[in-house]
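Structure, as structure tokens:
The values are calculated or read from the model by the stated rules, or taken from the named source; none is laboratory data. Keep in mind the model is a prediction, meaning the values are calculated, not measured. Using ideal geometry, Cβ is built from the backbone for each residue, glycine included, and neighbour counts are taken over all protein chains shown. To get the accessible areas, we keep the full protein, side chains included, count just its heavy atoms, and leave off ligands, DNA and RNA. Shrake-Rupley method; radii C 1.70, N 1.55, O 1.52, S 1.80 Å.
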Amino acid sequence: MTSNRRRTNKTDGVVILFVTIVFANCVWAADVATVPFRIVQEMGLEAQDPLSLPTDVAVADNGNLYVVDSGNHRVVIFDSSGRRIGQLGQQGSDDGQLQDPVGIDIAANGGIYVADRGNSRIAKFFSDGSPPISIPLQENGKDVVPIDVAVSPLADELFVTSNNSHRVLVFSSTGELLRSWGGEGADPGQFRYPATLTLAGDAVFVVDVLNARVQRFDVAGGSNKEFGKLGAGPGTFFRPKGIAVDASGRVYVTDSYLGVIQVFSSDGEFLHAVGDDGVPTRFDNPVGLTTLGEQIVLVQMLPHTILIIEPEPGT
């Protein structure tokens with residue numbers, strides 16, 4: 001005997017996903033402000049020892065790119081021409097080893113700081129080859145699960161997003177918890193799985209993933225301002241992931257689900273998307289990114305590649 005009652009099964013998720021993608025494409029197909037960019041370089045495609053699930057990237061003063069190669073538990077280094085020149089770390093829990101690393105930042109003094117998620121710590125490497133050290137992270141006696149790290153200009157404070165407590169934590173360079181803010185929720189100043197963060201002057205920008213927004217604070221955790229909401233059009237997010245601020249104060253945000261990069265003013269006003277003729281470029285699972293002059297260095301997680309893109313000449 002069969003029933004006419006509709007059953008819920010795994011195909012429902014496929015239908016919902018399809019409808020969501022169609023909706024997103026329809027919204028983004030509208031004529032919105034875009035700036036055309038071109039891909040000038042793609043890295044990580046080596047046949048031997050390729051990248052696996054890269055998540056974030058940072059640029060050193062000498063132009064070298066440091067890519068968090070999360071699936072291989074290491075940081076891979078490329079020079080400014082895109083040539084692979086080395087790596088930091090390998091899987092493990094000793095000093096200099098990594099377990100599921102996620103975020104990265106490079107201090108003005110050359111220190112390389114990695115959010116070592118699986119080891120509940122920040123791994124610090126040195127550009128001069130000095131032995132690496134580990135900075136354990138705890139909050140109220142509990143291990144912190146760090147997702148990203150941003151270093152203050154003097155490298156004496158480490159700003160960390162914590163996935164397990166939904167907070168931003170500020171540590172000293174030796175791991176002493178100095179202050180924190182946030183907590184799980186959707187109110188201003190709260191987070192639901194904060195991801196990447198970046199410092200720009202006295203401002204801290206935090207990607208608040210499941211609240212589909214970016215929140216801006218001062219370095220003490222006050223003066224909260226937010227922009228974005230759940231959506232699939234200009235100025236909204238579905239799954240924001242990466243964030244970077246360029247020298248002019250423009251804020252770049254990736255949406256890993258919709259595959260787009262949006263650009264905002266420092267106050268959160270939508271400026272444009274990366275694309276052409278009113279249609280954003282669709283990247284493949286874009287996550288972490290940084291800026292290098294007029295260029296954008298973009299991590300695509302599932303294709304396991306790094307792109308360098310720049311504005312089309314004359315734009």
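Within segment 192-216, restricting attention to residues that are over 23 Å from residue 272 (Cα atoms) and touching a strand residue (DSSP E or B) at 6+ places or on another chain (Cβ under 6 Å), the residue that is least open to solvent (accessible area, probe 1.4 Å) is 194.
The sole residue among 288, 314 that is of a type in the set (Gly, Ala, Ser), at pLDDT 95 or above and either open to solvent by less than 60 Å² (accessible area, probe 1.4 Å) or assigned to a loop (DSSP other than H, G, I, E, B) (or both) is 288. Scoring residue 223 on the criteria (1) within 25 Å of residue 37 (Cβ to Cβ); (2) surrounded by fewer than 15 Cβ atoms within 10 Å (Cβ to Cβ) leaves a single failure, condition (1). For segment 239-246, the condition of being under 14 Å from the mean Cα position of the chain (by Cα), buried (at least 23 other Cβ atoms within 10 Å of the Cβ) and among the charged types (D, E, K, R) holds for at least one residue. Taking the listed residues 85, 39, the one that is in a strand (DSSP E or B), open to solvent by 70 Å² or more (accessible area, probe 1.4 Å), touching a residue at least 60 places away in the same chain (Cβ under 8 Å) and not hydroxyl-bearing (Ser, Thr, Tyr) is 39, with no other qualifying. Close Cβ contacts (under 7 Å, 6 or more residues apart or on different chains) running from residues in segment 165-181 that are open to solvent by less than 20 Å² (accessible area, probe 1.4 Å) and modelled with pLDDT of 95 or more to residues that are charged (D, E, K, R) and not in a strand (DSSP E or B) comprise 166/192; 172/156.
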